[in-house]
1. Please tell me if D119 is surrounded by fewer than 17 Cβ atoms within 10 Å (Cβ to Cβ) and either at pLDDT 95 or above or farther than 27 Å from G142 by Cα (or both).
2. Please go through (1) in contact with a His (Cβ under 6 Å, 6 or more places away or on another chain); (2) of a type outside the set (S, T, Y); (3) outside the structural domain of N195 (by TED's automatic domain parsing) for R136 and return the number of the only condition it doesn't satisfy.
3. Just the residues that are in contact with a Leu (Cβ under 8 Å, 6 or more places away or on another chain) and not in a helix (DSSP H, G or I), please, taken from segment 117-154.
4. Hey, among D180, D172, which residue is of a type outside the set (F, W, Y), surrounded by fewer than 16 Cβ atoms within 10 Å (Cβ to Cβ) and either within 26 Å of R226 (Cβ to Cβ) or in contact with a strand residue (DSSP E or B) (Cβ under 7 Å, 6 or more places away or on another chain) (or both)?
5. Scan (1) of a type outside the set (G, A, S); (2) modelled with pLDDT under 95; (3) loosely packed, with under 14 Cβ neighbours inside 10 Å; (4) within 17 Å of Q65 (Cα to Cα) for the single condition L13 breaks and write down its number.
6. For segment 155-194, name all the residues that are within 15 Å of A102 (Cβ to Cβ) and either of a type in the set (K, R) or in a loop (DSSP other than H, G, I, E, B) (or both).
7. What is the residue count in segment 127-150 for residues that are in contact with a helix residue (DSSP H, G or I) (Cβ under 8 Å, 6 or more places away or on another chain), within 11 Å of L197 (Cα to Cα) and buried (at least 23 other Cβ atoms within 10 Å of the Cβ)?
8. What is the one condition in (1) surrounded by fewer than 14 Cβ atoms within 10 Å (Cβ to Cβ); (2) outside any loop (DSSP other than H, G, I, E, B); (3) not hydroxyl-bearing (S, T, Y) that Q65 does not satisfy?
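The values are calculated or read from the model by the stated rules, or taken from the named source; none is laboratory data. As the structure is a prediction and not an experimental result, all values here were calculated from the model. We place every Cβ from the backbone using ideal geometry, glycine too, and count neighbours over all the protein chains shown.
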Amino acid sequence: MAQAILFHTSKMLASRWLDAFARLEPALDIRTPANLGDPADIDVAVSWRLPPGTFPALPNLKLMQCTGAGVDQLLIDPELPPDLPVARMVDPLQADEMVAFAIWAVVDQHREMAVYRQDIAQQRWTFRPQRSMRKRTVGVLGLGSMGGVLAARLAALGFDVAGWSRSAKAIDSVTCYHGDQGLAALLSRAEILVNLLPLTPDTRGILGATLFAALPTGAMVINLGRGPHVNEADLLAALDQGHLASALLDVFSVEPLPDGHPFWTHPKITITPHIASLADPDHAAPQVIENIRRVRAGLPALNLVDRQAGY
């Protein structure tokens, strides 16, 4: 039986991925949903998310390789076979890009740059009191491959950093919390809160009224995780009531953000169009190739997802 790869990604990135695969493993038989051939040939699918109807059509699929770090969009797919191994992308370069973006977002909020942008648009030359990083506590939700690095680098810059994860972690110069009591302790301190949690049933809507109320008055929220982490109505209420000072959002429940959505024009919200971090095909393709080799050799793939945990 022939062995082939089903590859599906955005037009923007497709040529770079295919070029990288061709350099590393030119003999690979790579197909697309539009040029599938015999579905029985497909043993590995490589995509962020497959079109509806694809999974049931692939009887010999042995691995779903995600091209991103998050896999929630796959795990909620009702067509995903229950026993199919799913591997996520763990790319140090992608983590570096995310951390760099997150540091910018933290500094943007810390220095109240949204207010300066409004002043500049009105041609107003104004100064605001500058607060030391050493007197600003940043909380990081999620201390995995991205959040853990972010917490350490923010601490190295001089911020007072605390982090929270489901299980206990230890990071130099970072106060680490875990569990429900730990989350309450973190929130009580976090003047800037950065969300880098995976999206799971337990974390969906976590950035909502209860969490916002536990933050200090005047806190700022940065969401770089997933759009459904945020209860949008609760966020707008917390901002409009003055409990939260501002928010910076890179991900949304509906993307692109719909025309007329209140986030577009809210004076306390900065939005970016889901650009915090993308896997670089030149750097990530070797990991995909290795997993293809492993699966075809009867070995477990690298970076397999725990379906129960959701990541």
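1. Yes; evaluated as a whole, the condition is true for this residue.
2. That leaves (3) as the condition not met.
3. Step one: list which residues in segment 117-154 are in contact with a Leu (Cβ under 8 Å, 6 or more places away or on another chain), which gives 133, 138-142, 144, 146-147, 150-151.
Within segment 117-154, V138, G139, V140, L141, G142, G144, M146 meet the criteria.
4. Only one candidate qualifies: D180.
5. That leaves (3) as the condition not met.
6. F159, A190
7. So the count comes out to 4.
8. Answer for Q65: the failing condition is (1).
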